[in-house]
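The values are calculated or read from the model by the stated rules, or taken from the named source; none is laboratory data. Since the model is a prediction, treat every value here as computed from it, not as a measurement. Cβ sites come from the backbone with ideal geometry, for glycine too, and all protein chains shown count toward neighbours.
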Amino acid sequence: MHPILQVGDVLLSPDILTEHFCCDLDACGGACCIEGDAGAPVTLEEVAELERVLPAVWNDLDPRARKVLNKQGVAYRDIDGDLVTSIVGTKDCCFTCYDEKGICLCATDRAHREGRINWSKPISCYLYPIREQPLSNGTVALNYDRWTVCHPAVIKGRELRLPLYRFLREPLIRRFGEAWYAELEVLVDQLKEQGLLSD
C-alpha cells in the first residue's frame, strides 16, 4: 500500500485503514483526557463554543479546574504555539468530570448527550486517536497517534475486527462530510480489490 493515501484534499496515513481500534473506557478509565503534557487542540471557533457552554457545565467541573478557568480562560498556547484546552497542573483537561465508576468523561460531551447543550466537544477530541495536521499547500494530513494508554482500545478493536476509520465514522463525517466519507469507502473497496487491504 502507498505510504500516503489521499481522499479529496485530505492525506491519510495507511494505518488509519489497516489498524483496529475501539475505545474501552472500562479498561483505560478515560486516560486520554487526563494524561499528557498539554490540552486538546482547539480552533478559535471551538474556544468560542467552550466559552458559550461553560456556564452549563460549570458545576460538573473540579474546583481546581474552575480556578484555572477563572484565571486563564478555556484555552492557552502550548510550547509549540498551538491553541489547546486549559489543563489542571500539567495534565488533566479542565473539562473533565467523572462518573459513578470513577471513569473520566468530557463534561461538555456528557452535557450534550443529556440534552443540556447543543455542542459536544472539540473535533480533535472526537477524532482521537487520529490527529489532524494542516499543511502549507492547503491540504490536511491525518495520522494515527499511537499512545500506550490506548492499548486496551487496540485489543478491543482487534477482537471486534473494527478498523480505525470505521470506529471514527461519525467524527470523520462531522469533520469532512458524508460525501468525503463515501469517497473514503470507495478507496477502501478499491484497495481490497487490488489485494492491498484485507477485511
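Please indicate, with yes or no, whether at least one residue in the stretch 11-19 is in contact with a Gly (Cβ under 9 Å, 6 or more places away or on another chain), closer than 21 Å to Leu168 by Cβ and not small (Gly, Ala, Ser).
Step one: list which residues in the stretch 11-19 are in contact with a Gly (Cβ under 9 Å, 6 or more places away or on another chain), which gives 19.
Then drop every residue that is not closer than 21 Å to Leu168 by Cβ, which leaves 19.
After this cut, where a residue has to be not small (Gly, Ala, Ser) as well, the list is 19.
Yes, the conditions are met somewhere in the stretch 11-19.
The single residue among Arg116, Arg146 that is loosely packed, with under 15 Cβ neighbours inside 10 Å, in contact (Cβ under 8 Å) with a residue 24 or more places away in the chain, in a loop (DSSP other than H, G, I, E, B) and not hydroxyl-bearing (Ser, Thr, Tyr) turns out to be Arg116.
Scanning the stretch 165-181 for residues that are farther than 17 Å from Val140 by Cβ and either touching a Ser or Thr at 6+ places or on another chain (Cβ under 7 Å) or surrounded by 12 or more Cβ atoms within 10 Å (Cβ to Cβ) (or both) yields Arg166, Phe167, Arg169.
Residues of the stretch 49-92 that are within 17 Å of Cys106 (Cα to Cα) and either exposed (fewer than 12 other Cβ atoms within 10 Å of the Cβ) or of a type in the set (Asp, Glu) (or both): Glu49, Glu51, Pro55, Asn59, Asp60, Asp62, Pro63, Asp92. Do we find that Gly30 is without any contact (Cβ under 8 Å) to a residue 60 or more places away in the chain, surrounded by 19 or more Cβ atoms within 10 Å (Cβ to Cβ) and under 16 Å from the mean Cα position of the chain (by Cα) in this structure? Spelling it out, it is not the case that Gly30 is without any contact (Cβ under 8 Å) to a residue 60 or more places away in the chain, surrounded by 19 or more Cβ atoms within 10 Å (Cβ to Cβ) and under 16 Å from the mean Cα position of the chain (by Cα).
Can you spot a residue in the stretch 164-181 that is over 16 Å from the mean Cα position of the chain (by Cα), closer than 30 Å to Ala31 by Cβ and of a type in the set (A, V, I, L, M)? No - not one qualifying residue is present in the stretch 164-181.
Under the condition of being under 30 Å from Asn59 (Cα atoms), polar (S, T, N, Q) and not in a loop (DSSP other than H, G, I, E, B), the residues counted in the stretch 119-143 number 1.
The set of residues from the stretch 6-45 being of a type in the set (A, V, I, L, M) and either touching a Phe, Trp or Tyr at 6+ places or on another chain (Cβ under 7 Å) or modelled with pLDDT of 95 or more (or both) comprises Val7, Val10, Leu11, Leu12, Ile16, Leu17, Val42, Leu44. Taken over the stretch 33-76, the residue count meeting the criterion of being within 26 Å of Arg146 (Cβ to Cβ) and touching a strand residue (DSSP E or B) at 6+ places or on another chain (Cβ under 6 Å) is 8.
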